[in-house]
Amino acid sequence: MNVPAPSPGQVFDWLDVAAEKRAAAGLTRRLRPRGATSRELDLAGNDYLGLARDKRVAGAAAAAALRWGAGATGSRLTTGSTELHTELEYELARFCGAQAALVFSSGFTANLGAVTALSGTESAIVSDKHVHASLIEGCRLSRTDVAAVNHGDPAAVEHALATRRKPRALVVTDSVFSVDGDLAPLRELSRACREHGAALLVDDAHGFGVLGDGGRGGVHAAGLAGEPDVVTTISLSHSLGAQGGAVLGPRRVIRHLAETARSFVFGTGLAPAGAAAALAALGVLKSEPGLPEKARTHAVTLANGLRTAGLRVSSPEAAVVSVQAPSAEAAAEWAGHCAEQGVLVGCFQPPSVPDGVSRLRLTARADLAESDVDTAVKVISESAPAGVAS
């Protein structure tokens, strides 16, 4: 059957149909540019330690831009590596207890590079169903068998490893899952990996700077830092308030990534300003090791207040708090009402939520005041739509 070719003006008509479907499902997303300064209470970003606007961090970024230039100018293997990148990698590895580290332009590209370079046609991947989208994309690009198992289920992971058809295997998980803030059973996953000869890859984006001794992360807290079969990825844009991502692990793993990970080899390196900001923020974290506990304490206080108000709230184990909404449309309206009253919250809807339940996603920061938490509880609870009470 011959189908008439669309005219140039009709080629993308299908996008309008897709947009209408998203709108009907309450899944329209819009960019909302913010100003340089704001009086709103931000519980939507991932600046867990409140360092993005810290003068020590921002000042280091500004100085680096003036000294090194606005961009990295090329990939890390050509002209994109500076002394700042090398120093940052050394300091990150030493702080987290890893042999070596490799800095990427973002946490997303770090996950893409790690998953694809450490898998391949001879490997099987076993992934928790709730992992971050960047890990999911890495699995899709891995060109191998991928088993997505039930959330937080070490027995399911062990079964998938025992029944795999490939000689190598890689288990993929978040340390702190970004939607509800719950923790992965890392010790149990490590035992399953060792019993079946698999490697463990942990995305510690929401654990680094929040969990572990002095904020060394979820992998460190689980006693797995520096282990020869464990690889960790982190984001430099969350607790460090900067930009970029990194992979930490055994030296031979880092060397392999530097030579084969396509998102590293063929991507322009992290801008020097981002590397300098991350270095400065890491220095602040070292000098103020109590910051992670402040973020966690605010998360618990926030969750308890919302739960007392009758809302369905997650039990925070790091700095993420989620509040269930009755529908995608209700979640969007709820977030909008909060913003109108000066409180910015995240709105998570399908497909961003693996279980299909829409939520408000709140992030606690170390620099919040008690009055900020009280204000957030009041605004969120009083703006709640009908049908959300527990």
Filter the stretch 192-217 for residues that are open to solvent by 10 Å² or more (accessible area, probe 1.4 Å), more than 15 Å from residue 92 (Cβ to Cβ) and in contact with a Phe, Trp or Tyr (Cβ under 8 Å, 6 or more places away or on another chain) and give the result. 206
I'd like to know if the stretch 365-380 contains one or more residues that are in contact with a strand residue (DSSP E or B) (Cβ under 9 Å, 6 or more places away or on another chain), farther than 28 Å from residue 217 by Cα, open to solvent by 20 Å² or more (accessible area, probe 1.4 Å) and part of a loop (DSSP other than H, G, I, E, B). no
Only one of (1) within 30 Å of residue 146 (Cα to Cα); (2) within 21 Å of the chain's Cα centre (by Cα) does not apply to residue 25, and that is (2)
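From the list 362, 344, exactly one residue is aliphatic (A, V, I, L, M), assigned to a strand (DSSP E or B), open to solvent by 20 Å² or more (accessible area, probe 1.4 Å) and in contact (Cβ under 8 Å) with a residue 60 or more places away in the chain. Which is it?
Values: 362 fails: open to solvent by 20 Å² or more (accessible area, probe 1.4 Å).
Just one listed residue meets the conditions, 344.
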Given the conditions (1) surrounded by fewer than 20 Cβ atoms within 10 Å (Cβ to Cβ); (2) over 22 Å from the mean Cα position of the chain (by Cα); (3) at pLDDT 90 or above, which single one is not true for residue 84? (1)
When residues of the stretch 29-45 are limited to those that are open to solvent by less than 90 Å² (accessible area, probe 1.4 Å) and free of Cβ contacts under 8 Å to residues at least 12 places away in the same chain, the one nearest to residue 340 (Cα to Cα): 38
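Could you grab me the full set of residues in the stretch 46-60 that are more than 30 Å from residue 179 (Cβ to Cβ) and either in contact (Cβ under 8 Å) with a residue 24 or more places away in the chain or in contact with a Pro (Cβ under 6 Å, 6 or more places away or on another chain) (or both)? Walk me through how you get there before you give the answer.
Of the residues in the stretch 46-60, the ones more than 30 Å from residue 179 (Cβ to Cβ) are 55-56, 59-60.
Of everything in the stretch 46-60, those that are more than 30 Å from residue 179 (Cβ to Cβ) and either in contact (Cβ under 8 Å) with a residue 24 or more places away in the chain or in contact with a Pro (Cβ under 6 Å, 6 or more places away or on another chain) (or both) turn out to be 56, 59, 60.
Restricting attention to the stretch 347-359, which residues are open to solvent by less than 30 Å² (accessible area, probe 1.4 Å) and either at pLDDT 95 or above or not charged (D, E, K, R) (or both)?
Our first condition is that a residue be open to solvent by less than 30 Å² (accessible area, probe 1.4 Å); within the stretch 347-359, this holds for 349, 353, 358-359.
Scanning the stretch 347-359 gives 349, 353, 358.
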Counted residues, the stretch 59-81 - those being within 25 Å of the chain's Cα centre (by Cα) and buried (at least 18 other Cβ atoms within 10 Å of the Cβ): 6
Scan 191, 143, 165 and give me the residue that is over 25 Å from residue 274 (Cβ atoms) and assigned to a helix (DSSP H, G or I). 191
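The values are calculated or read from the model by the stated rules, or taken from the named source; none is laboratory data. From a predicted model like this one, the values you see are computed outputs, not experimental measurements. Reconstructed Cβ throughout: ideal geometry from the backbone, glycine too, with neighbour counts over all protein chains shown. Each accessible area value is taken on the protein alone, full model and side chains, heavy atoms only, with ligands, DNA and RNA left out. Shrake-Rupley method; radii C 1.70, N 1.55, O 1.52, S 1.80 Å.
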